[in-house]
Every structure is written in C-alpha cells, then in structure tokens.
1. What pairs can you find where one residue is in region 301-324 and over 26 Å from residue 392 (Cβ atoms) and touching a residue at least 60 places away in the same chain (Cβ under 8 Å), the other is of a type in the set (Gly, Ala, Ser) and surrounded by 21 or more Cβ atoms within 10 Å (Cβ to Cβ), and their Cβ atoms are less than 9 Å apart, with a gap of 6+ or different chains?
2. Can you tell me which condition residue 25 does not meet? The list is (1) touching a residue at least 60 places away in the same chain (Cβ under 8 Å); (2) open to solvent by less than 80 Å² (accessible area, probe 1.4 Å); (3) over 16 Å from residue 65 (Cα atoms), and all the others hold.
3. Which condition does residue 344 not pass, out of (1) in a loop (DSSP other than H, G, I, E, B); (2) open to solvent by less than 20 Å² (accessible area, probe 1.4 Å), if it passes all the others?
4. Within region 213-226, count every residue that is surrounded by fewer than 17 Cβ atoms within 10 Å (Cβ to Cβ) and either within 16 Å of residue 182 (Cα to Cα) or in contact (Cβ under 8 Å) with a residue 40 or more places away in the chain (or both).
5. Search region 23-50 for residues being in a loop (DSSP other than H, G, I, E, B) and polar (S, T, N, Q), and hand back the single one that is farthest from residue 414 (Cα to Cα).
6. How many residues does region 6-20 hold that are over 24 Å from the mean Cα position of the chain (by Cα) and open to solvent by 40 Å² or more (accessible area, probe 1.4 Å)?
7. Residue 287: at pLDDT 90 or above, among the polar types (S, T, N, Q) and farther than 26 Å from residue 164 by Cα, yes or no?
Amino acid sequence: MASQQPSLAILVREPDGFTVWPGPPYPPGSSPPQRLPKTACSATSFSTDGSRLLVTVAQASATVYDCSSLSVIRSFDLPGLTAAALSPTGSYLQTFQKSSSPQVKNVTVWHVDSAAALYQHYQKNLSKANWPMVQFSADESVACRMATNEMQFFDTNDFTKGIAYKVRLPGIAAMQLASAPGSHVAGFVPEAKGVPASVQIFSCDKDAQNQVVARRSFFRCSTVQFHWNKGSTGLLIVSQADVDKTNQSYYGETKLHYLTTDRAFEGIVPLKKEGPVHDVQWSSSGSEFAVVYGFMPAKATIFNKKCNPLHELGEGPYNTIRWNPKGRFIVIAGFGNLPGDMAFWDYTEKKLIQKAKAEWSVISEWSPDGRHFMTATTAPRLQIDNRIKIFDYTGSLQFKKDFEKLYQVDWKPESPERFGDIADLTISLNSIKIEETKKQGQGSKSAQTSSKAPVNVATKPAGAYRPPQSKHTAALQDKLFGGLAPTGGEMSKTALRNKKRREKQKEKKAGEGSSADDS
C-alpha cells in the first residue's frame with residue numbers, strides 16, 4: 001500500500017521563473033533538487049486534483065503541463081491575456097483578454113486537449129468576485145456563471161450549446177457553486193434601499209432550479225465569503241460590513257452565519273467572544289468546522305454540523321486556522337501583522353502537541369498527506385526575509401530556505417484518501433514515569449539531550465532555584481503540553497514586585513494601627 005502512495009511535490013516561483021521540487025524530507029544542509037529547470041512565467045496554478053499545471057506569461061500565452069511527467073500538453077498564444085484558470089480536473093481552460101469593444105468576446109472556455117474554443121462571451125470588468133467567470137463542480141459535471149440578475153448553467157457535455165437553463169436572482173453580486181458534489185449553488189444580494197442583504201441557496205437540478213432551498217437575511221453587509229462543506233450540505237457565510245457602527249474595529253464588522261440545505265439550521269453561529277471573524281475552515285469530513293474569532297487574544301472553537309461547540313482550542317494572538325487534510329491535526333496561528341505564533345493540536349486526542357513560530361508568514365498550508373506544514377514569507381507582501389519553512393505535524397522544524405525574493409510556493413494537490421493514516425505518535429501521559437527523587441537530576445539531563453526541543457522557542461533565562469522534583473515536573477509538562485504548561489508555577493518578576501508591595505502596605509497599615517492603639 002505504501003508504494004502506491006503518490007509522491008509529494010512543491011512549486012516554487014521566483015523572479016526568474018518557477019521550478020518544481022520533490023517533497024520532503026530533504027538531506028540536512030542541502031537544497032532540494034529541481035524536477036524541472038526554471039521556466040520564465042508571470043503566474044502558475046495547479047488544477048484542483050493536481051493532475052495539471054497552468055503557466056501563464058502576461059499579455060502573451062498560457063501553457064498547460066502534465067504534472068506526472070512535467071511535459072507540455074498544450075500551449076495557447078493569447079495576446080492581451082490578463083487572467084487564466086483551469087477547471088478542477090484540468091479538462092478546461094478559461095481565459096480573460098483585454099477587449100477594445102463589446103463586439104469582441106474576451107472570455108473564452110477552451111478544451112485543453114483539443115485546443116478548441118467551446119464558449120465565448122464579453123465581460124467588461126475583471127474582479128475577484130467574478131473570476132473565474134465559469135465555476136465547476138469537482139467532477140466537472142456542473143458548470144455555471146453569474147450574469148446580471150441571474151445564474152446561468154451550461155451543458156457540460158456540450159459547451160457549444162451555450163446556456164442550458166437559468167436561475168433568476170435580481171441584484172445578485174456574488175455566487176458560489178458547491179463543488180463536492182455540485183448539487184447546490186448560493187447567491188448573494190447586497191442590501192439596497194432599506195431591504196436587507198440576503199444569501200439564498202438553490203438546487204442545481206434543472207427541474208427545481210427556481211425553488212429556494214434555504215435563505216438568510218441580514219443588515220450591515222457589503223460583501224460575503226462562502227465556505228461549502230464536503231457533501232454540500234452546509235454553508236458558512238462570513239458577512240463583512242465596511243463600517244463597524246460600534247466603533248470597536250477599524251476594519252469594519254464581520255459576522256458568521258450558517259445555512260443547511262435541509263433547513264435544520266438557519267442563523268448566526270453562536271460565538272462566545274465579541275470581535276471579528278478571523279478565519280473559518282471545514283474539516284475534511286465536512287461534519288465539523290473551526291473558527292478563530294474575537295478581539296485579541298482571539299479565541300478558537302470547533303463546532304459540529306448542528307452548530308454546537310465541541311472543543312475549545314484556547315486563546316492567543318491568532319488569526320489563522322489550518323485543518324490537516326486527514327482531519328486529525330490542527331494548526332492555529334497568528335500571521336500577517338501578528339508575531340507568527342503557532343500551536344499544533346491533535347484533535348483526535350484533544351491535546352496540544354507543541355508550539356512553534358514562523359514570523360512574517362504570508363502563506364501557510366498542510367501537505368496533501370497531512371504530515372508536513374509549510375509556511376512562507378513572499379513578495380510583494382514583504383520584500384525582505386523571504387523564506388520557506390516546513391514543519392512536521394508535531395510542530396518541529398524540518399526544513400528552512402531563504403530567498404532573495406520569493407513570489408509563490410504551493411504543494412501539488414493530491415487526494416488525501418490516497419495517503420495512509422498517520423500512526424499515533426503523540427505522547428501519552430501514561431507512558432512517562434517519574435523516577436525516584438535521587439535519579440531525577442540525571443533523568444532530566446538525559447531527557448533534555450535526547451528529546452528535540454522546539455526549533456523557534458527562545459531559551460528561558462534562569463530564575464529562582466527550584467528543587468529537582470519541580471524541575472523534572474516542569475520538563476515533563478513542557479514536553480507534554482508543547483510549552484503551554486498549566487499555570488501555577490513560579491511568579492513573574494512583575495507579579496513578585498506587586499506582591500512585595502502589597503505586603504509592605506499591609507505591614508505599614510498594621511504598624512499605624514498599633515501606634516494608634518498605644519496612644
């Protein structure tokens with residue numbers, strides 16, 4: 001079974017072009033080998049299933065590679081090319097070119113293998129909300145696009161037929177097709193003239209196209225983010241308002257709403273802390289979702305499909321959550337303008353494994369096999385200190401490489417089901433035995449030399465004397481809880497000074513009281 005598992009690969013793009021590395025592990029002190037010589041380009045992207053790779057040169061061309069052999073399948077000469085995207089399995093390529101007039105159709109859907117133009121239409125503007133113009137389900141059996149006041153569906157067996165059927169939704173500003181399976185589609189209508197904003201879910205079945213499956217209305221909303229689960233039974237909606245009327249946030253106001261296609265739940269997710277919704281992600285099974293929310297220190301909570309909280313991941317300087325593709329491990333982190341703290345959790349065992357750090361990270365993602373976690377600092381977000389870091393699933397740093405300038409780094413997608421499960425390698429409390437007091441001094445030293453310390457954790461300065469018993473206990477707690485040992489140890493310097501100050505004040509008051517009694 002192990003020999004049948006696909007090999008990992010990483011795409012790296014620098015100013016002089018892109019290349020592909022084989023996946024980790026790498027020999028210590030060496031650079032990863034290149035599977036493909038550096039090739040000049042403007043942008044690159046994988047198909048969702050990882051079978052094909054799209055490489056574009058701005059204003060000029062788009063080339064599709066086969067990911068197994070890294071050979072060119074088809075190259076398209078496209079003057080004025082502005083954007084391009086592959087369908088989930090790489091069968092179709094859609095491109096956007098600059099157009100001088102509405103008579104020139106500038107959006108094209110190509111069949112990659114035959115290079116045939118299957119469908120074309122004119123689009124005036126290109127934005128993040130409407131690109132890719134055509135959305136596909138994971139198996140490419142459903143394809144649709146947003147148009148004025150409606151959602152239009154294609155016959156994927158023959159794109160040349162044009163629009164097969166439509167779903168009418170006046171004022172629609174954004175849409176998202178569920179991908180696995182492509183059974184439902186959600187549309188967003190912003191608020192206007194006192195009418196609240198709304199998100200409506202429709203069936204993709206042609207016979208039930210105009211029946212609303214679920215609906216949610218809300219005020220103070222200008223944009224939304226959609227998050228469908230695996231199975232297409234639940235939809236998380238992050239609503240964003242440009243202005244926070246409570247004046248608590250400079251970045252506006254966000255709320256998290258939840259809709260189910262069976263109408264079992266239609267409402268707001270009950271978050272226990274006020275503040276913005278920083279990040280949300282479904283588990284690989286689609287039965288649970290994790291949310292990082294609230295004013296700093298932010299809170300992280302896992303909910304089930306009924307919107308009931310299952311587990312708390314604590315609080316900290318976090319704004320990012322990444323769920324392992326196998327569903328077992330979770331990383332909560334604080335990237336962007338936060339210090340880069342990361343906490344690695346074993347969700348199955350409900351244990352914090354370890355803390356680590358990846359400062360100034362812009363990109364963060366698990367490998368498809370769920371065994372490696374990669375972070376990267378990239379341009380143009382940051383022009384200096386560009387680097388890649390790869391950790392294992394316990395939070396230990398395995399690889400680090402600096403770049404003069406790094407634009408992009410991505411794992412080649414693979415189906416997580418093609419990889420085996422990770423064995424139980426978390427530390428069990430029952431497996432660690434505290435030795436006799438006489439042997440603890442030596443035991444703690446040997447444990448410190450044999451066990452690997454977290455790479456990016458600074459060494460703590462020596463404090464007040466503690467007996468060997470407490471030192472050994474602290475070492476065990478640090479090993480078990482990843483540095484987040486339960487509180488109750490020695491006090492900080494500030495707390496100690498405050499304690500002494502309070503004691504002096506009590507003594508002074510007691511002295512004044514006794515002198516008053518004597519007089």
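The values are calculated or read from the model by the stated rules, or taken from the named source; none is laboratory data. From a predicted model like this one, the values you see are computed outputs, not experimental measurements. Every residue, glycine among them, receives a Cβ derived from its backbone with ideal geometry; neighbour counts consider all protein chains shown. Quick note on the areas: whole protein, heavy atoms, side chains included, nothing else; ligands and nucleic acids left out. Shrake-Rupley method; radii C 1.70, N 1.55, O 1.52, S 1.80 Å.
1. The qualifying pairs are 305/234.
2. (2)
3. Residue 344 satisfies every listed condition except (1).
4. 1
5. 30
6. So the answer is 2.
7. Numbers: at pLDDT 90 or above: yes; among the polar types (S, T, N, Q): yes; farther than 26 Å from residue 164 by Cα: yes.
So residue 287 fits the description; yes.
Quick grid of which residues meet (1) open to solvent by 10 Å² or more (accessible area, probe 1.4 Å); (2) within 29 Å of residue 6 (Cα to Cα):
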{"position": "355", "(1), (2)": "yes, no"}
{"position": "372", "(1), (2)": "yes, yes"}
{"position": "375", "(1), (2)": "no, yes"}
{"position": "381", "(1), (2)": "yes, no"}
{"position": "385", "(1), (2)": "yes, no"}
